[in-house]
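Each reported figure results from applying straightforward, stated rules to the coordinates on display, with no laboratory input. As the structure is a prediction and not an experimental result, all values here were calculated from the model. Cβ coordinates were reconstructed from backbone atoms using ideal geometry, including for glycine residues, and neighbour counts include every protein chain displayed.
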Ligand SMILES: Cc1ncc(COP(=O)(O)O)c(C=O)c1O
C-alpha cells in the first residue's frame, strides 16, 4: 500500500502561476487603492474564523480571502502615492529571488549547509561595496579586502545590535569593567540604537545623546567633551554611532570628524546609513560614504531604496574577527571539516540567529537585471522628484522647507504653525490619495521643536505625475 503523503496534494504549478498573476495585477493596481488602510482596529481578525480548520480548505477559498480580508487591511507601501516613513521598494526580480529562496528552503547557517548561500552572499556584499564605492577594508579577502567583509542582516536594527555586541566585546578585552560602558549617538539617531544597547545589557542611562547643530548633525566638539568627561568619571566609552541620513530629516553626522575622537578613545565607530547609504551608487551622491574608511562598521538598507524587497540590510565590518569573536559559539553538532579548515565563512557567526535564509538571491537577481545603471536611474529619478517638489514648496510662502533638503526626502512645515502641519498630514492620509508622515525636530531660526511633515520619495513606480498629484493634493488640503 502506498503511504499517505503527510500533506494533502497541492497543485503548486497552477496556484503558483495564479499567485504570480495576482501579484503582478496588485502592483499595477496598487495606485488606485486608498494608500493608508482604512480599517478599524480588530476588523481583520473579525473577518476570519477564530479557530483553525480541522480539515484542509480549497485553495480558491484561501485566494478569495486575500482580496476580501488582506487587501483592505493593507497600507499600500508599493503604491507610487506612498510617501510616508521611508521607501520599502521592490521589483519583479527581487520578488522572484524571494520566491526561489522559499522554494529552495535552504538554511545557510554554515558554509557547509549550503555553500552557494554563503558564497553568493559574500560576492554580493563585495559587489555592493564596489557599487557604493566603499573602501577595500569592508571587502572580503577574495574581493580585494583583507580583514573585513559584509553580511546580509534582516534589518539595520540587527546590524546595530551586532555592532554593539562586537564593540562591547572588543572593549571588554582591553578593559573588563562591563558595568561602566558608555555609548554615544546624536539626539537624532534611530531608536534601534537604544534598543540594541538595552539587549546588549547597556541601559539607556549609558547612552549619551550628543547635541546637534542647526542642521541636526552631531556636534563633534560636544562628543569629545562628553567622552572626556565620562573618562574622567571612570566610565568606559566604547561605541559611537553616526547617523548618515537620520530618519526624521536625513541629517548627516560628520563621520570624518567623529572618527579621530573614536580612535583616540578606542571606541567602535558604526555608521548607520540605513536610508541614505544606497544613494552612493550615483557618483554625485557618494559623499554619503565620506569617512567610511575610518569606520569599524557601516550599514545601509537595499530593502529601503534599492528595489530589493524587505528584508535585506547590508552590513560591513572592517575586522571580521571582532564580530566573530563576539558572536561565535560552536556546539558539537555544528562541527564540520570546512569550518575547521578555516577557509570558509560561517555566517551564523556574523548574526544573532543561527538559521538564515538565502537572501542574496534577491540582491543578485535585482543587480543583474537592473545593472548599476538601472539602479542609478532609480535613485536619480527620486532625487530629482524630491528637488522638484521642494522647489515648488519654496516658491509658495505657505510652506517652509527644512533645509538642507537631501536625496529623496522633503521635510517641510507650514507657516501657519504646528497644528496646521499636523492637520495637513492627517487630512492627506485620510483622503487615501497619498500617504505622508510627520516628525518633531528642532527647527531654524530659533531651534524650537516643531511639527514637521515628511515626504519620502522612493517608490519604484513613482513618476513626475505622482508628485504633481501630491503637490495639488497638499495645496488643496491646506487649512484655510
Ligand atoms: C537611519 C535609520 N536607521 C535604522 C533604521 C531601522 O531600519 P530597520 O527597519 O532596517 O531596522 C531606519 C528605519 O527607518 C533608519 O531610517
Rounded if a/c under 1.5, otherwise prolate or oblate - region 16-106, Cα gyration tensor axes: oblate
Stretch gain in nm, segment residue 461-residue 229, where the contour uses 0.36 nm per residue and the Cα spacing is subtracted: 78.5 nm
Burial order of peptide ranges 318-326, 3-11, 404-412, 35-43 (average beta-carbon count within 10 Å, highest first): 404-412, 318-326, 35-43, 3-11
Residue order, fewest to most surrounding Cβ atoms within 10 angstrom, among 381, 443: 381, 443
Protection proxy ranking, peptides 159-166, 471-478, average beta carbon neighbours within 10 Å, highest first: 159-166, 471-478
Normalised convex hull volume, region 390-465, alpha-carbon set, Å³ per residue: 101 Å³
Antiparallel DSSP beta bridges within region 99-366, percent to nearest 5: 40 percent
Estimated 222 nm signal from helices in the chain, with DSSP H stretches of n ≥ 4 weighted -39500 (n - 2.57), rounded to 500: -12500 deg cm²/dmol
Whole-number Å³ per residue for the convex hull built on Cα positions in the chain: 179 Å³
Reduced Cα scattering model of region 99-366, Debye log10 I(q)/I(0), q = 0.13, 0.16 Å⁻¹: -0.80, -1.20
Most to least packed among 170-179, 370-379 [average Cβ atoms within 10 Å]: 370-379, 170-179
Residue order, fewest to most beta carbons within 10 Å, for 272, 154, 221: 221, 154, 272
Nearest-0.05 FRET efficiency for residue 2 and residue 440, computed from C-beta distance (R0 51 Å): 0.20
Gain upon complete extension [residue 215, residue 394; 0.36 nm per residue less C-alpha separation]: 62.7 nm
Square roots of 5 times each gyration tensor eigenvalue, C-alpha, region 132-245, largest first, Å: 25, 18, 15
Spin-label pair residue 290/residue 175, simplified geometry with 7 Å Cα→Cβ offset, distance in nm: 3.0 nm
Least to most buried among 23, 70, 345 (fewest other Cβ within 10 Å first): 70, 23, 345
Chain lengthening between residue 48 and residue 142 when straightened (0.36 nm per residue, less Cα-Cα): 28.7 nm
Bridge type composition, region 181-244 - antiparallel percent by DSSP, nearest 5: 10 percent
